[in-house]
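The values are calculated or read from the model by the stated rules, or taken from the named source; none is laboratory data. Because the structure is a prediction, the values reported are computed rather than measured. Counting neighbours? That spans all protein chains shown, and the Cβs are built from the backbone with ideal geometry, glycine included.
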Ligand code: ADP
Ligand code: GN1
Ligand code: MG
């Protein structure tokens, strides 16, 4: 069925303070959470998003967070998302509790990568996510609402997985016995960061929490990072999460949903590339314990993400956008393959960390 997006979303887009006359509206990007559309007018381009209100149940506070953070960054001269208000001067359009839309200026002359095209891009993204962490250091955390409580609480995520398995609503557990077993065997390895945050040995910081490569816009000419986007999950957390999630996505030789597992490997040299950029930015602020846990963070976030895909598969694909029936299971398999290779490479990763420390 052909959807006429221009027709479907025109009225919504017209509720915002756009320059020029709307020409086309079409789907854009590869995000798993919001519905993202590119709006082209006679004078500019914009990103229109239907916010995922099943995932983000408090859109008012979510948009407040985004406005605070983007204003903080702009006031320091840092390129960031620019929220376009509605004609009623609201930061987003709320047609009903479920139907919420927002508009950002399209950040021109940038590229979003779905995989690492060359090491320079990954190095620059490491440097930029580290730098982003530094910018957030001066940000008043008390202004922020936790948009998804327990987002990276991996032991809690494990409980959610157990619950989904127990319910087995779709009768799918029989199709993923190997994955269930892989995860069950690692249950006791999932608590280190949450425990450290709880006992105060790991500092609670304001973090991005969704640091995959397609959440950063790189300059199309220089390949330098221009802006970090997808600010929905900026919340108190650990920098180990941010580092680990970037490695999970970027230091893989294949796409997150590659079906041929022979193509999926953890690339240690890409780990080093990202680490060197990241460390250059956070050298002054990272604690010894955080530094030593970065390799584990790569393993943890990769296992956690695989577990979230598996949980969603068992629950009937209600969270992540999927394109086919077992998409979440395919994604889970790539993550567990990577997690296994990372587990085996922990000492080598630590060796790299040591090399840069000295
Ligand atoms: P999701 O939460 O679904 O991942 P994102 O906010 O990350 O949604 O947006 C999805 C994609 O849209 C991004 O990966 C990026 O390619 C593109 N995008 C989002 N905002 C902008 C922007 N302001 N300028 C240019 N591209 C953008
Ligand atoms: C989602 O929104 P997006 O596509 O950038 C998810 C991340 C996962 C990622 C896996 C709010 O990121 O946590 O790591 O998919 N975002 C949310 O690709 O759950
Ligand atoms: Mg995104």
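Being more than 16 Å from ligand 3 (Cβ to nearest atom), under 26 Å from residue 66 (Cα atoms) and out of contact with any strand residue (DSSP E or B) (no Cβ under 8 Å at 6 or more places or on another chain) is a property that residue 236 lacks. Scanning the range 330-347 for residues that are farther than 20 Å from residue 264 by Cα, within 13 Å of ligand 2 (Cβ to nearest atom) and in contact (Cβ under 8 Å) with a residue 40 or more places away in the chain turns up nothing.
Looking at residue 33, is it under 15 Å from residue 83 (Cα atoms), modelled with pLDDT of 95 or more and within 16 Å of ligand 2 (Cβ to nearest atom)? Judged against the criteria, residue 33 is not a match. For the range 209-244, give me each residue that is within 14 Å of residue 116 (Cα to Cα) and part of a strand (DSSP E or B). The answer is 216, 217, 218, 225.
Looking across the range 195-208, the residues that are crowded, with 20+ Cβ neighbours inside 10 Å and in a loop (DSSP other than H, G, I, E, B) come down to 202, 208.
Filtering the range 33-49 to residues that are out of contact with any strand residue (DSSP E or B) (no Cβ under 7 Å at 6 or more places or on another chain) and surrounded by 14 or more Cβ atoms within 10 Å (Cβ to Cβ) leaves 33, 44.
Checking the stated criteria, residue 30 turns out to be in contact with a helix residue (DSSP H, G or I) (Cβ under 9 Å, 6 or more places away or on another chain) and surrounded by fewer than 17 Cβ atoms within 10 Å (Cβ to Cβ). Against the criterion of being at pLDDT 95 or above, in contact with a helix residue (DSSP H, G or I) (Cβ under 6 Å, 6 or more places away or on another chain) and more than 16 Å from ligand 3 (Cβ to nearest atom), residue 86 does not qualify. Say whether the condition of being more than 16 Å from ligand 2 (Cβ to nearest atom) and either in contact with a helix residue (DSSP H, G or I) (Cβ under 6 Å, 6 or more places away or on another chain) or over 20 Å from residue 286 (Cβ atoms) (or both) is met by at least one residue in the range 240-252. Within the range 240-252, none of the residues are more than 16 Å from ligand 2 (Cβ to nearest atom) and either in contact with a helix residue (DSSP H, G or I) (Cβ under 6 Å, 6 or more places away or on another chain) or over 20 Å from residue 286 (Cβ atoms) (or both). Evaluation of residue 74 against the conditions (1) in a helix (DSSP H, G or I); (2) touching a strand residue (DSSP E or B) at 6+ places or on another chain (Cβ under 6 Å); (3) within 15 Å of ligand 1 (Cβ to nearest atom) shows that the sole unmet condition is (2).
Take the conditions (1) crowded, with 23+ Cβ neighbours inside 10 Å; (2) over 20 Å from residue 344 (Cα atoms); (3) within 15 Å of ligand 3 (Cβ to nearest atom); residue 308 misses just one of them, which is (1).
Condition test on residue 247, is it in contact with a strand residue (DSSP E or B) (Cβ under 9 Å, 6 or more places away or on another chain), part of a helix (DSSP H, G or I) and in contact (Cβ under 8 Å) with a residue 12 or more places away in the chain? For residue 247, the condition - in contact with a strand residue (DSSP E or B) (Cβ under 9 Å, 6 or more places away or on another chain), part of a helix (DSSP H, G or I) and in contact (Cβ under 8 Å) with a residue 12 or more places away in the chain - is met. With respect to the conditions (1) surrounded by 23 or more Cβ atoms within 10 Å (Cβ to Cβ); (2) within 13 Å of ligand 2 (Cβ to nearest atom), residue 320 lacks only one, and its number is (1).
Filtering the range 2-29 to residues that are in a loop (DSSP other than H, G, I, E, B), under 29 Å from the mean Cα position of the chain (by Cα) and in contact (Cβ under 8 Å) with a residue 12 or more places away in the chain leaves 15, 17, 18, 28, 29.
I'd like the full set of residues that are modelled with pLDDT under 95 and touching a helix residue (DSSP H, G or I) at 6+ places or on another chain (Cβ under 6 Å), limited to the range 95-134. None; the set is empty. For the range 50-66, the set of residues classified as more than 16 Å from ligand 3 (Cβ to nearest atom) and surrounded by 15 or more Cβ atoms within 10 Å (Cβ to Cβ) consists of 53, 59, 63, 64, listed by residue number. Pairing each residue of the range 51-66 that is away from ligand 1 (no atom under 15 Å from the Cβ) with any residue that is outside any helix (DSSP H, G or I), provided the two are 6+ apart or on different chains, yields C-beta distances under 6 Å for 61/145.
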